[in-house]
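In what follows, a single structure is set out as structure tokens and then discussed.
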Ligand code: CP
């Protein structure tokens, strides 16, 4: 098993050992405590530089990586596609090489092309974190989802988790399927037939054509956004029809276990994937997911920086 502190990059969760995932979640628990202090800052990454390079839009992931880096006292550089020379035709590799000339220790990349972070990791010295690559993976989102489930329900093994929506286009679904499966949870997926890619069963999940059977008795109901930007053509007749067949309503939620968690990675399309009363209701942990994202990303940055620095970084939580 690769120990968390031996990770060179974080490119995906496929094949990651349960022990490695547990180490990251345990470290995130310690990081969360730092975020609850009056002074939410420790010097662990002082002198380190973290660069975010987002070639696709983001609200939660980009800002939470920046908050995470700042809480660990790292210096940050932030670049988005529209504000960069990518708009003038500079390639991703040239952009990354130029950023690397300024000495970042960690580059966090979001890109519409699956495999872009893997490509970058072969060409730069910095550690690379995948912040979402096309339809492929979004490892820190899945880690924060697992963290939130474990925090609320006390375990992951043996839970029934329903993932509902645009499975075909969702990197969040893929990373969660890999990580939840590794941790011993049972995953059910559901969505319109056009959004269920072939071969899902080979990933160890059960496939449900109706949301009702997917949700029935579930401990966790994870709704996904319809990724219209990744669809070549419409995969369902209308938003209204989608909501009628696959929207999470209070009535449908009653099929899940009592006190089941409602999750969504965001951004939410209210009235399409989920009703407002469920998104804002007592079962919803959607904003906990966002809060926990900072702690999980602090843990990821810490382990990647630790490796590049040998054992010289201050211990987690050391405020001196
Ligand atoms: N969950 C998620 O990736 O959100 P953003 O696109 O806002 O980063």
Problem set entry | Two-site label geometry, residue 202 and residue 85: point separation in nm, points 7 Å out along Cα→Cβ | 4.3 nm
For this session: For region 245-307, state what percent of all Cα-Cα pairs lands in each successive 10 Å bin, counting from 0 Å until the bin that includes the largest distance.
Result: 20, 41, 21, 14, 5
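List the equivalent ellipsoid semi-axes of region 55-102 in whole Å, largest first, each obtained as the square root of 5λ for an eigenvalue λ of the Cα gyration tensor.
With the √(5λ) rule applied to region 55-102, the semi-axes are 22, 14, 7 Å.
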Problem set entry | Folded to 0 to 90 degrees: helix 286-308 orientation relative to the chain principal axis, Cα | 30 degrees
For this session: Would you mind checking the radius of gyration and Dmax of region 46-176 based on alpha-carbon positions, in Å?
Result: 16.0, 51
For this session: Quick one: grab Rg to one decimal and Dmax as a whole number for the chain, Cα atoms only, in Å.
Result: 19.3, 59
Problem set entry | Gain in span if fully extended, residue 37 to residue 288, counting 0.36 nm per residue against the direct Cα distance | 88.6 nm
For this session: With N denoting the number of residues in region 134-215, provide Rg(C-alpha) divided by 2.2 N^0.38 Å, to two decimal places.
Result: 1.02
Problem set entry | 298, 223 arranged by Cβ crowding within 10 Å, fewest neighbours leading | 223, 298
For this session: Mind sorting 302, 242 by how few other Cβ atoms lie within 10 Å of their own Cβ, fewest first?
Result: 242, 302
For this session: Just the number, please: Stokes-Einstein D of region 1-71 in µm²/s, Kirkwood Rh from C-alpha pairs, 25 °C, 0.890 mPa s.
Result: 173 µm²/s
Seminar exercise, completed: residue 270 and residue 94 label points (each 7 Å along its Cα→Cβ direction) are spaced in nm at 4.5 nm
Seminar exercise, completed: Highest GNM mean-square fluctuation among 204, 271, 154, for the chain with Cα springs under 10 Å, belongs to 154
For this session: Would you please give the FRET efficiency between residue 194 and residue 123, computed as 1/(1 + (r/R0)^6) with r the Cβ-Cβ distance and R0 = 51 Å, to the nearest 0.05?
Result: 0.90
Exercise. Please state the relative contact order of region 12-98 as a whole percent: Cα pairs under 8 Å, 6+ residues apart?
Worked result: 26 percent
Seminar exercise, completed: In nanometres, the difference between 0.36 nm per residue of separation and the alpha-carbon distance of residue 22 and residue 153 is 45.6 nm
Exercise. How do 88-96, 139-147, 52-60, 282-290 rank on mean C-beta neighbours within 10 Å, highest first?
Worked result: 139-147, 52-60, 282-290, 88-96
Seminar exercise, completed: Computed from the beta carbon distance with a Förster radius of 51 Å, FRET efficiency for residue 2 and residue 245 to the nearest 0.05 stands at 0.75
Exercise. Expressed as a rounded percentage, what relative contact order does the chain have, with Cα pairs under 8 Å and six or more residues apart?
Worked result: 23 percent
Exercise. Beyond 18 Å, what percent of the Cα pairs of region 187-289 remain?
Worked result: 47 percent
For this session: Per DSSP H run of n ≥ 4, the term is -39500 (n - 2.57); total these for the chain, divide by its residue number, and report the mean residue ellipticity at 222 nm rounded to 500 deg cm²/dmol.
Result: -11000 deg cm²/dmol
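All of the numbers you see were taken from the coordinates with simple rules; none came from a lab. The structure presented is a predicted model; accordingly, all values stated were derived computationally and were not measured. Glycine also receives a Cβ, built like all others from the backbone with ideal geometry; neighbour counts cover every protein chain displayed.
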